[in-house]
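Everything on this sheet refers to the single structure shown next.
Just so it is clear, none of the values below were taken in a lab; they were calculated from the coordinates. Please read all numbers here as calculations on a predicted model, not as lab measurements. Glycine gets a Cβ as well: all are built from the backbone with ideal geometry, and neighbour counts include every protein chain shown.
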Ligand SMILES: NC(=O)c1ccc[n+]([C@@H]2O[C@H](COP(=O)([O-])OP(=O)(O)OC[C@H]3O[C@@H](n4cnc5c(N)ncnc54)[C@H](OP(=O)(O)O)[C@@H]3O)[C@@H](O)[C@H]2O)c1
């Protein structure tokens, strides 16, 4: 199973600003970008793992769970959150505790390409466990100064990745792809 952290971050490595402000995403323009990169990525994914704060942000913003067609593992202790999503096509499995056990369950269920949908908290746990296989990140031309980081943990072991791709994205941003060097 490959765990892929596909996201966007600020120049200073944050995936959201203070108070879950996501307005920095508007500073990423897609001028000249083929619009098939995201559809191709999501079509290649067969399961998703998401943290409670990321799903709460989506639900609170009225987006619901936009990937309800994919089997989803929600990592959260929030007893109300799953119900607040409403009806979805595929099950949302809510789990808590050791993220490694959650990832093992997803692998045992036969999924091969799993999107780590966020946020930085569960990405940090996955990195601590050395379970992050790939990072695909668009870097916005904006510094935020506050907010959760790409791997949001107090203290993590150093992990080295190998660069597969670096390119300009739109007129002001960059897209980088790394895989874990093991
Ligand atoms: N830039 C982007 O494209 C992007 C992508 C994803 C997310 N985001 C943003 O990032 C922010 C959320 O990221 P985040 O790092 O703060 O949080 P997160 O990883 O989405 O969720 C963290 C929360 O999940 C629950 N949780 C985490 N690990 C757990 C475990 N092992 N067992 C049980 N519960 C666990 C805890 O809260 P509860 O138990 O209360 O749920 C925890 O506070 C949001 O603003 C979101 O919009 C941005």
In Å and from the alpha-carbon atoms only, list the Rg and Dmax of the stretch 68-164.
-> 15.0, 41
Segment residue 69-residue 36, extension gain: residue separation times 0.36 nm, minus the distance between their alpha carbons | 10.0 nm
Going by a ≥ b ≥ c, the root eigenvalues of the Cα gyration tensor, does the stretch 133-182 fall in the rounded group (a/c under 1.5), the prolate group (a/b larger than b/c) or the oblate group?
-> oblate
Here the residues of the stretch 113-153 lying in the modelled label zone of residue 18, meaning backbone nitrogen under 16 Å from a point 7 Å along Cα-to-Cβ, are 143-149
Taking a ≥ b ≥ c as the square roots of the Cα gyration tensor eigenvalues, with a/c under 1.5 meaning rounded and otherwise prolate when a/b beats b/c or oblate if not, the stretch 35-118 comes out oblate
Packing-based order for 35-48, 143-156, 2-15, using average beta carbon neighbours within 10 Å, highest first = 2-15, 143-156, 35-48
Would you mind calculating the relative contact order of the chain from Cα pairs under 8 angstrom and at least 6 residues apart, reporting the percent as a whole number?
-> 36 percent
If a/c stays under 1.5 just call it rounded; otherwise compare a/b with b/c (prolate if a/b is bigger, oblate if not). Do that for the chain, with a ≥ b ≥ c from the square roots of the Cα gyration tensor eigenvalues.
-> rounded
The chain: antiparallel bridges as % of DSSP beta bridges, rounded to 5, reads 40 percent
